[in-house]
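Report on one structure; see the data block that follows.
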Amino acid sequence: MKIMVYEGPKKLVIKEIDDLKINKNEMRIKTLYSGISHGTEMNVYRGVAPFFNRTNDGDLHLFRKASDNEKWDYPIKSCDPGVWYMGYASVGKVIEIGSDIKNIKVGDIVYSNAPHQSQVIKNENEVVKLPTGIKPEFGIFYTNLITAFNGILDTRIKLGDNVAVSGLGVLGQLVVQMAKLSGASNVFGIDLLPKRLETALKNGADKVYNPLKIDDVAYAIRKETNNVGTDAVIEVTGNQKALNEAIRIAAPDTVVTALGWYQGPSSSLMLSDEFHHNRITIRSSQTGNIDPKIRHMWDNERKEKICLDLLSKLDLENLITHKIPFEDATKAYEMIDRMDKDIIQVVLTY
């Protein structure tokens, strides 16, 4: 089987190893497609993810300085235990099952949170059988859908709301469509790349803005909303400047949902102007948890069922802009790292 190895920041190679063995409660999956995360995963690829120097203490809910044996270090193999950060959106065909597997059979097409490699070994409770009739490659959006849907739940969009979506990569494109399904009257999309702006319009955005082409997006959106601003802003980029602009776009006494992963200290966030005077709330939306106010109704099982259903309801075809063979993964990562303008989602094929 073929695996991926990080030998250092931005140093990626494909290697061949012996097939992994399966236990009686496991299955072997031949990978068909895997999606590269342009956010979390690229931060690991670049060597800037916090886990290289800090550790997340789950009991204390704090990041703290990591000891030497807690730090991530190179080389990192996709097949190493606990490696969730070298790809986590994999679709494949089951080619072997252990004797204890009950509800999955050989030939089934399944999704799993698995790294980029030609085979995956999983327990039955770690896979999701894709519904028939769905293109297998669409399955790679399943985790993205759960993240985006969590942002929708956290934002509490109401019928007739004006909503701005900042950042129109994969997550932003999904959020645009979900916001319209949730009853938003107008969805305003914001991004720097023409390809993403065009795609958002096709996917339901009512108007889009390129901050490089307009002096003040917040002012322009005020004029589109009766000089009020939007009822909600969902900020997806993970860029501090964009978060600052999201605060400016939001109407007074409303919420900015921060769905992105913001890296490093911020010198761009201005908390003395609109944030202070307009009483803006910034809410972090993290995919691993559900808002306590609705947790009694929305458990993970319900959320996952909805997202599985959305695979057949949303426009996903135009989000896959590049399919690249796994053997050429280095090329794929380099394209994403330099932010080629025509990229939305890169899919590795096997």
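Worth pointing out:
- Aspartates and glutamates whose Cα lies under 16 Å from that of residue 30, excluding same-chain neighbours fewer than 8 positions away: 16, 18, 19, 96, 108, 124, 126, 137, 327
- Cα-based shape type of the range 144-284, given that a ≥ b ≥ c are square roots of the gyration tensor eigenvalues and the cut on a/c is 1.5: rounded
- A helix-only calculation puts the chain at -7000 deg cm²/dmol for mean residue ellipticity at 222 nm, using -39500 (n - 2.57) for each DSSP H run of at least four residues, averaged over all residues.
- Likely footprinting exposure, 61, 276, fewest C-beta neighbours within 10 Å first: 61, 276
- Farthest positive-ward along the chain dipole, Cα basis, beta-carbon charges - from 148, 333, 314: 314
- The chain, relative contact order [Cα under 8 Å, separation at least 6], %: 16
- Considering only the chain, percent of DSSP beta bridges that pair antiparallel, nearest 5: 55
- Selection from 254, 182, 238 lying farthest towards where the dipole of the range 144-284 points positive, charges on Cβ: 182
- Comparing 118, 266, 78 in a Gaussian network model of the chain (Cα springs below 10 Å), the most mobile by mean-square fluctuation is 266.
- Three-way shape call for the range 246-350 based on the alpha-carbon gyration tensor, with the a/c threshold at 1.5: oblate
- Extents of the range 98-223, largest first, come to 64, 31, 24 Å (Cα atoms, principal axes, whole angstrom).
- Label zone at residue 134 (point 7 Å along Cα-to-Cβ), backbone N below 19 Å, the range 1-34: 29-34
- From phi via Karplus (6.51, -1.76, 1.60), per-residue ³J(HN,Hα) for the range 93-108 in Hz, x at Gly/Pro: 9, 6, 10, 7, 10, x, 5, 8, 6, 10, 10, 10, 10, 4, x, 5
- Against the chain, whose longest principal axis is taken from its Cα atoms, helix 142-155 shows a tilt of about 30°.
- Couplings for the range 45-53, taken from phi via the Karplus curve 6.51 cos²θ - 1.76 cosθ + 1.60 with θ = phi - 60°, read 4, 7, x, 10, 4, x, 5, 6, 10 Hz in order; Gly and Pro are left as x.
- Per-residue ³J(HN,Hα) for the range 131-138, Karplus 6.51 cos²θ - 1.76 cosθ + 1.60, θ = phi - 60°, Hz, x for Gly and Pro: x, 5, x, 8, 4, x, 5, 5
- Around the Cα centre of the chain, unit charges on the Cβ atoms of Lys, Arg, Asp and Glu (plus for the first two, minus for the last two) sum to a dipole of about 280 debye.
- Taking the C-alpha atoms only, the angle from helix 240-249 to the longest principal axis of the chain is near 40 degrees.
- Members of 129/341; 65/313; 122/305; 293/323; 77/293; 135/303 lying beyond 32 Å, as alpha-carbon distances in this model show: 129/341; 65/313; 293/323; 77/293
- From least to most packed, judged by other beta carbons within 10 angstrom and beginning with the fewest, 91, 106, 256, 347 follow the order 106, 347, 256, 91.
- Cα-based helix-to-principal-axis angle, 170-181 vs the chain, degrees rounded to 10: 60
- The relative contact order of the range 1-135, computed from alpha carbon pairs under 8 Å that lie at least 6 residues apart in sequence, is 34 percent.
Bear in mind that the values in this text are calculations on the coordinates, not laboratory data. These numbers come from a predicted model, not from an experiment. Counting neighbours? That spans all protein chains shown, and the Cβs are built from the backbone with ideal geometry, glycine included.
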